[in-house]
Amino acid sequence: MNVLSETSAACADPAGEELRRCDALPELSRFLTQERHPVHLVGVAGSGMSGLAGLLIELGHAVSGSDKATTTETDRLQRLGLRFYDQHLPDLANRAELVVFSSAIKDDNPILRGARNSGKSLVRRAEALAAIMHAKRGIVIAGMHGKTTTSAMTAHVLREGGLHPSHYVGAEIPILGTNAHWDPRSEYFVAEGDESDGTLRYFHPELALILNIEEEHLDFYPDLAAIEKVFAQLIDQTKGRVLYNADDPNTARLCVKRTGAVSYGFSEQADYRGLDIELRHFGSSFSVYGRGEKLGQATLNVPGEHNVHNALGVIALASELSIPFDKITASLRKFEHARRRFEIKYASDRFLLVDDYAHHPTEIRATVSTAKSIGRRRLVAMFQPHRFSRTKALSRKFGSAFDDTDRVVITDVYAASETPISGITGRTIVDEIIQHGHRGVSYQPRLEWMHRDVGNLLESGDLVLSLGAGNIHEQLEILAADLVIAEKLKSIVGEDSAVRLYEPLSKHTTLRVGGPAQFWVEPQSEHAFGDLIRFCRDEHLPLFAIGRGSNLLVRDGGIRGVVVHPRGGIFEKIEIDGSEITAGAGVKLRQVAYAARAANLGGLEWMEGIPGEVGGALRMNAGAMGAQTFENVTRIRYLDAEGNLQVKNRDDLEVFYRRFPLLEKNFAISATFRGQRAERAEIDSRLRESQEKRRTTQPVAKSAGCIFKNPPSIPAGKLVDELGLKNSRVGNARVSKVHGNFIVNDGDATSAEILQLIDNIKSVARKERGIELETEVEIVGEPQ
Ligand code: EPU
């Protein structure tokens, strides 16, 4: 096995690597397909490496592998016999007779270094694959776009055609069972060839199907000419027929001279030609001509014109292998997509969520155009650029790839083992898209917040497309899972009531801070609210009610579960009956004060100075000017934890200073307040007094009113003042200069900053005065 170790020097300089000696291939092939050995795979979790591991296990080798990531694939392989290690420890491969490494593995990897030092045989993934393929009649599918789909389609059609091919495809393929399979009976081996790292040149297949060639992987290749050189070599090394896409100029230029090459496509010159193409929402149909003769009609159940092209390539290849046309079309009709290729993650009348692996501008344009043709009201895309080098090299082309989208949110670059390039981020693409004239683009550098941004802008009729070769699909999956619940919520509260995902609570609190509400619901009726309470109880969904958010500090991680904001209808109604005023939970206290004035009722003027709504004022027994809410309440209506309506008189209620326990688990609907007949002038004078007090003692700024309850010994504001803490700050959170019990948000303050400032004040009060300050604002939600 000496010859295998010769490649070990090559990994130091992959680009300049010499073609391995041809006589090594049969030897490695025998080692891998006719003998059994301990083999270790470095980077085994990668989509290509896991397929190879599967093949090696099926071939009877004792396979071990290491990777810093654990995936569902590594779990599956472990069940089949893989010894998996989640670290690359130097002596893991001690027992292995062969070490296979992924192109993503850096040269200084401890296992590689150890293997090299001990003279162990060391080969790249593609070399091992080429050697396995060498034992069969190899079919390589190569090209920049569509390889995985086309190789899966080929393996499927050959399988249905009775040829029992072995296969190796770079993604999970539900219709094939696994991403790779070794069938000892098989004559053929279908493999997706990876052009990204130059390793296409290891293959000496019997047949090659060339899909398209353009500028890509410019981290590895200096230019298109270098890419074409690798393809030209593959074409030269193909022993039998080369099948190629006649419509792709670069491919056609390389292949046309090759004797016996077979072309396919839409153009007149194509040997296998598609005509009368009819694109449908999730598929297509077209006529197929073979060397001028009509072969028949084909139907696909995967969408997009690009897939018609791919299918024509497969038809050409399968026909050359003498599979009858009707067998080919019957199996094409049954073909389902590979994972992450226009994969529908959620579908309802209102929304369609689709995930696609597209990461090159050409692929994005094709996928976007397919999505557009489905004809939903709006097309919303979320994109995660893949690799810094590609982002840099193709930024211009990315700028115009999203033309057909209505909204697009871009996150940061998925590195794929590259080191960052200075100045290249997701914003690079955002800037290009803006430059190109798109008006609906935004940037969310944090991938884990993508589902929030996209979810919050959703409208009924939207098609959401997640795009990228990294892990953006996980964000779409979170969105899909939450959308299932959001749609149920919508069906419960009805058409008039708004339901939104990930509503930023900074929009609904007077402090203007706080993360999102997972589900934001605005029920318009008591009945809808009751049903909502029951649903949340049955589904174990937390439910939190919010009014004006004037006395609320929501943490930056937002609130999990349902946040209910009763709105409209009964919740905003005010009724006056004699000296009683009944107001819905969503009525502002100030409106109650002025309604009372209009009816010549006094005693409620203090409410003028409270920024909140009736629901919130009840929940905390809010007060001002020496008065408090329950002094004026005669009865309340509320929904209990079962969603049933209850009415209680004031005498039956237990109320404390700034605390009303009943509403900690129940939900206010309305309250009836009692006023006293009074002269208008007297009422006006008390209103003015309240306004004046507010104007002269309280800040006009983003705040949550008083932060602390007044301790018995001293008003909290006075205490903070005496402690000299006015105007002290943490980030953009600052103690008001005007009133010591107010914290103001000077700009983009975070909850974390406000909480830190609260803690600072509390510890100084404790240390200096022995006073334990208690917060009056309600603090809710998850930390970031
Ligand atoms: N004071 C200072 N320095 C300060 C702030 C206040 O010396 O920086 C002194 C005042 O001069 C006064 C005493 O502290 O002698 C009390 O202050 P204030 O009259 O402003 O009343 P408060 O107790 O701080 C209460 C409510 C407010 C309400 C006002 C006006 C509480 C915790 N706060 O404030 O309610 O607006 O009375 O009626 O009971 C709220 O609940 O969010 C709120 C702002």
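Add +1 for every Lys or Arg and -1 for every Asp or Glu among the other residues with Cβ under 15 Å from the Cβ of Arg339, and state the total. Provide the component values of the computation, followed by the final result.
Numbers: positive: Arg76, Lys147, Arg340, Arg341, Lys345; negative: Glu73, Glu172, Glu192, Glu336, Glu343, Asp355, Asp356, Glu474, Glu477.
Taking every other residue near Arg339 into account, the sum is -4.
Projected over all directions and averaged, the alpha-carbon convex hull of segment 206-251 occupies 3.2 nm². Take every DSSP beta bridge whose two residues both sit in the chain; close to 50 percent of them are antiparallel.
A Cβ-based charge dipole, computed about the Cα centre of segment 155-308 with Lys and Arg at +1 and Asp and Glu at -1, lands at about 660 debye. Centre-to-centre, using Cα atoms only, segment 707-761 and segment 584-634 are separated by 25 Å.
Need one word for segment 684-737: rounded, prolate or oblate. Basis is the Cα gyration tensor (sqrt eigenvalues a ≥ b ≥ c); a/c below 1.5 gives rounded, then a/b vs b/c decides. Oblate shape, in that a/c is at least 1.5 and b/c is the bigger or equal ratio.
Taken over the alpha carbons of segment 442-481 as equal point scatterers, the Debye sum produces base-10 log I(q)/I(0) values at 0.15, 0.35 Å⁻¹ of -0.32, -1.43.
Heavy-atom accessible area per residue, segment 700-784, 1.4 Å probe: how many Å²?
Working: 4120 Å² over 85 residues.
With all protein chains present, segment 700-784 gives 49 Å² per residue.
Provide, for segment 637-784, the number of lysine pairs with alpha carbons under 23 Å apart, each pair being eight or more places apart or on different chains. Count of close lysine pairs: 25. Ordering Ser579, Ile546, Ala593 by Cα displacement along the dipole of segment 540-595 toward the positive end leaves Ile546 in first place; charges were set at the Cβ atoms of Lys, Arg (+1) and Asp, Glu (-1). When the residues Arg688, Arg658, Arg159 are ordered by accessible surface, computed with a 1.4 Å probe over the protein chains alone, the sequence from largest down reads Arg688, Arg159, Arg658.
At a 1.4 Å probe, what is the % contribution of carbon and sulfur to the accessible area of segment 289-328? Walk me through the intermediate numbers first.
Values: 690 of 1560 Å².
Looking at segment 289-328 in its full context, I get 44 percent from C and S.
According to the Cα gyration tensor, what semi-axes, each the square root of 5 times an eigenvalue, does the equivalent ellipsoid of segment 576-653 have, listed from largest to smallest in whole Å?
Values: eigenvalues 88, 39, 28 Å².
Largest first, segment 576-653 gives 21, 14, 12 Å.
Here segment 495-604 is treated as an ellipsoid with the same Cα gyration tensor; its semi-axes, largest first and in whole Å, are 29, 18, 10. Of the solvent-accessible surface of segment 476-531, computed with a 1.4 Å probe and all protein chains present, 53% belongs to carbon and sulfur. Projected onto its three principal axes, the C-alpha set of segment 415-460 covers 40, 27, 12 Å, listed from the longest axis down.
Using a simple spin-label model with pseudo-atoms 7 Å out from Cα toward Cβ, Thr259 and Glu664 lie 9.0 nm apart.
Volume per residue of the convex hull around the Cα atoms, evaluated for segment 499-550, comes out as 76 Å³. In this structure, the pairs whose alpha-carbon distance is over 32 Å, taken from Lys257/Lys334; Lys345/Lys397; Lys334/Lys397, are Lys257/Lys334; Lys334/Lys397.
How big is the C-alpha Rg of the chain next to the rule-of-thumb value 2.2 N^0.38 Å, as a ratio?
On the way: Rg = 34.0 Å, N = 784, 2.2 N^0.38 = 27.7 Å.
It is 1.23.
Okay, helix-only estimate at 222 nm for the chain: each DSSP H run of n ≥ 4 adds -39500 (n - 2.57), divide by all residues, round to 500 deg cm²/dmol; what do you get?
Values: 23 runs with 254 residues, N = 784.
-10000 deg cm²/dmol, from helical runs alone.
Go through Tyr346, Tyr264 and list them by solvent-accessible area, largest first, probe radius 1.4 Å. Can you show the working numbers first?
Numbers: Tyr346 35, Tyr264 0 Å².
In descending accessible area the options line up as Tyr346, Tyr264.
Taking Cα centroids, how far is segment 64-115 from segment 178-233 in Å? So the separation of the two Cα centres works out to 24 Å. Distant-in-sequence amide contacts of Gly602, defined by a placed amide H-H separation under 5 Å and a gap of 5 or more residues or a different chain, comprise Gln676, Arg677, Ala678. Using equal-weight Cα scatterers in the Debye expression, the normalised intensity of segment 267-413 in log10 at q = 0.11 Å⁻¹ is -0.50. Dipole magnitude for the chain: computed about the Cα centre from +1 point charges on Lys and Arg Cβ and -1 point charges on Asp and Glu Cβ, it is near 1120 debye.
Determine the gain in length on full extension of the stretch Ile277-Thr70; use 0.36 nm per residue of separation and subtract their C-alpha separation, reporting nm with one decimal. Present the calculation step by step, with values, prior to reporting the outcome.
Working: separation 207, 0.36 × 207 = 74.52 nm, distance 4.30 nm.
Stretched fully, the Ile277-Thr70 segment lengthens by 70.2 nm.
Between Arg769 and Arg677, the modelled label-to-label distance comes to 4.5 nm, taking each label 7 Å out from Cα in the direction of the beta carbon. By accessible area, using a 1.4 Å probe on protein heavy atoms only, segment 545-698 has 43% of its surface on carbon and sulfur. In the structure shown, the pairs Lys507/Lys588; Lys239/Lys294; Lys147/Lys239; Lys147/Lys229; Lys136/Lys229; Lys372/Lys488 are assessed against 23 Å; a Cα-Cα span above that value is assigned to Lys239/Lys294; Lys136/Lys229; Lys372/Lys488. Rounded to the nearest Å, what's the spacing between the alpha carbon centres of segment 138-164 and segment 533-572? Just the number, please. Answer, in whole Å: 52.
Report the charge-dipole magnitude of segment 477-613 in Debye, nearest 20, computed about the Cα centre from +1 at each Lys and Arg Cβ and -1 at each Asp and Glu Cβ. Don't jump to the answer; show the numbers that get you there.
Values: 15 positive and 19 negative charges, 85 e Å.
About 400 debye.
Extension gain, Leu89-Val647: 0.36 nm per intervening residue step, less the Cα-Cα distance, totals 194.0 nm.
When the chain is described by a simple charge dipole with +1 on each Lys and Arg Cβ and -1 on each Asp and Glu Cβ, the residue from His438, Ile758, Pro26 located farthest towards its positive end is Ile758. Considering only Cα atoms, the convex hull volume of segment 626-697 works out to 119 Å³ per residue. I'd like to know which of Leu209, Leu275, Leu618 lies farthest towards the positive end of the charge dipole of the chain, counting +1 on Cβ of Lys and Arg and -1 on Cβ of Asp and Glu. It is Leu618.
Give me the number: length gained by fully extending Arg427 to Asp538, i.e. 0.36 nm times residue separation minus the C-alpha to C-alpha distance, one decimal in nm. Intermediate values should be presented prior to the final figure.
Values: separation 111, 0.36 × 111 = 39.96 nm, distance 4.33 nm.
Extra length from Arg427 to Asp538 when fully extended: 35.6 nm.
Using equal-weight Cα scatterers in the Debye expression, the normalised intensity of segment 219-352 in log10 at q = 0.11, 0.13, 0.14, 0.20 Å⁻¹ is -0.47, -0.64, -0.72, -1.16.
The values are calculated or read from the model by the stated rules, or taken from the named source; none is laboratory data. These numbers were taken from a predicted model, which means no experiment stands behind them. In this analysis, Cβ positions are derived from the backbone assuming ideal geometry, glycine residues included, and neighbour counts consider all displayed protein chains. With ligands, DNA and RNA removed, areas are computed over all heavy atoms of the protein, side chains included. Shrake-Rupley method; radii C 1.70, N 1.55, O 1.52, S 1.80 Å.
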